[in-house]
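The values are calculated or read from the model by the stated rules, or taken from the named source; none is laboratory data. Fair warning: this is a prediction, and the values are worked out from it, not measured in the lab. No Cβ is skipped: glycine too gets one built from the backbone with ideal geometry, and neighbour counts run over all protein chains shown.
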Amino acid sequence: MYGGDEVSAIVIDLGSHTCKAGYAGEDAPKAVFPSVVGSIDQMEVEETENSGSADPKSDADKAKAKRKLYVGSQALGYRRDHMEVLSPIKDGVVVDWDAVESIWDHAFRDCLLVDPKEHPMLLAEPSFNSQQQRERTAELMFEKYKVPALFMAKNAVLTSFASGRATSLVVDSGGGSTTVAPVHDGYVLQKAVSSSPIGGDFLTDCLTKSLESKGMTIKPRYSFKRKETRPGEFQVVDVDFPNTTESYKLYSKRIIASDIKECVCRAPDTPYDESSYSNIPMTSYELPDGQTIEIGSDRFKIPDVLFNPSLAQTIPGMENFAEVSPSLRGLPQMVIDSINKCDVDIRRELFSSILLAGGTASMQQLKERLEKDLLEESPQAARVKVLASGNATERRFSVWIGGSILASLGSFQQMWFSKAEYEEHGASFVQRKCP
């Protein structure tokens, strides 16, 4: 239907941390950029003159038009006065559709340089996506972007495809949350999906708070300048920008803390306890402003929060976290609970094909630790096998890669939800076309 060599489908995986976009059939996304948006509300900067206008709608429209959005690493890397950093996705659910549209616009126009009217779109969606969200997405794609065809596929199913399996248990640990979803014969078993708000961003926040409590400060890149005093010798001068918003400060700090986490953290082989990890050798890390910090037991303590969420309470500044969600379970517990909610006949198969996906899942030693914990807690007869693709890049992009494989299959071409079907049946037809 849309096959043929000249038109390839576009695959987009909009996660809570990064947006991945590219062409079907390729082995990695062309564009990867943060899925947060910089927003300057120009109402703040200049008050509207005629606030007493008779027509309230025109005021609302003005307010909408006055919000200027910035998308992409480059646009966000440049500090602007009064710029708030907004995340349009909370716990996998879209809360700000304008921001999502600006992210799609950036992907099509600036990164891939394509006209969406000419390409079918395959969009990855969270395993627990609601009907309203799906219909709204379909409406936007057909009405605003005029795409010829659309398909929405669940993240867990795409991860399964990427590893060539029809049945597996997908542990997807991304920026905003961690989701465990069983897939059987290419379908997600909804009743057994479980998720937890502990993802990469939460671990990054834990690390930041822990380092700050030890007196180390992470300075955002925009807040200092390096001056050469003598050849080869630099002096750091702080620069003050009073109009920088808190959310932009946090965003800039997170970028650095996230890099520290990726460079030095690894999951401990055994559950973390203060005494056995207290005299561990330090690892040094050089911050952008030139100061070198030494990181000790935090390298193991922070990743262990995934396995034991109550550890977060021991970090200064994160004490109230457990009050918010006291029922949080660690990763091994989530996996076992999810498998137990599935049919007895497929439990054995799920235990032997647990797939890791997402950026947080590419942390060193995570696979080995999860396998070890599951072996201890799972039934004797189960053969536990945790699988992770060869390299961290594949793990980070496994959802996108699965979409790329699916959209380029010949047998998939009759599955698209076409524009003609949308015009005939409306947006709710997406429920039938994309199960």
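Have a look at GLY92, GLY38 and point out the one that is crowded, with 16+ Cβ neighbours inside 10 Å, under 22 Å from ASP110 (Cα atoms), at pLDDT 50 or above and small (Gly, Ala, Ser).
Exactly one of GLY92, GLY38 is crowded, with 16+ Cβ neighbours inside 10 Å, under 22 Å from ASP110 (Cα atoms), at pLDDT 50 or above and small (Gly, Ala, Ser), namely GLY38.
Out of the residues in the stretch 276-312 that are assigned to a helix (DSSP H, G or I), in contact with a Lys or Arg (Cβ under 9 Å, 6 or more places away or on another chain) and aliphatic (A, V, I, L, M), which is modelled with the highest pLDDT?
Filtering the stretch 276-312 for residues that are assigned to a helix (DSSP H, G or I), in contact with a Lys or Arg (Cβ under 9 Å, 6 or more places away or on another chain) and aliphatic (A, V, I, L, M), the one modelled with the highest pLDDT comes out as ILE302.
For the stretch 203-219, how many residues are surrounded by 15 or more Cβ atoms within 10 Å (Cβ to Cβ) and either free of Cβ contacts under 8 Å to residues at least 12 places away in the same chain or outside any helix (DSSP H, G or I) (or both)?
Number satisfying all stated conditions: 3.
Within the stretch 126-147, restricting attention to residues that are among the hydroxyl-bearing types (Ser, Thr, Tyr) and in contact with a helix residue (DSSP H, G or I) (Cβ under 7 Å, 6 or more places away or on another chain), which residue is surrounded by the fewest Cβ atoms within 10 Å (Cβ to Cβ)?
The extreme case among them is TYR145.
Considering every residue within the stretch 398-411, establish whether at least one is under 25 Å from the mean Cα position of the chain (by Cα), part of a helix (DSSP H, G or I), farther than 16 Å from PHE161 by Cβ and not aliphatic (A, V, I, L, M).
No, that holds for no residue.
Quick check, is THR137 hydroxyl-bearing (Ser, Thr, Tyr), touching an Asp or Glu at 6+ places or on another chain (Cβ under 8 Å) and over 16 Å from TRP400 (Cβ atoms)?
yes
Could you tell me whether GLY296 is of a type outside the set (Phe, Trp, Tyr) and in contact (Cβ under 8 Å) with a residue 24 or more places away in the chain?
no
Quick check on SER338: is it under 11 Å from PRO182 (Cα atoms), in contact with a helix residue (DSSP H, G or I) (Cβ under 6 Å, 6 or more places away or on another chain) and of a type in the set (S, T, N, Q)?
In short, yes.
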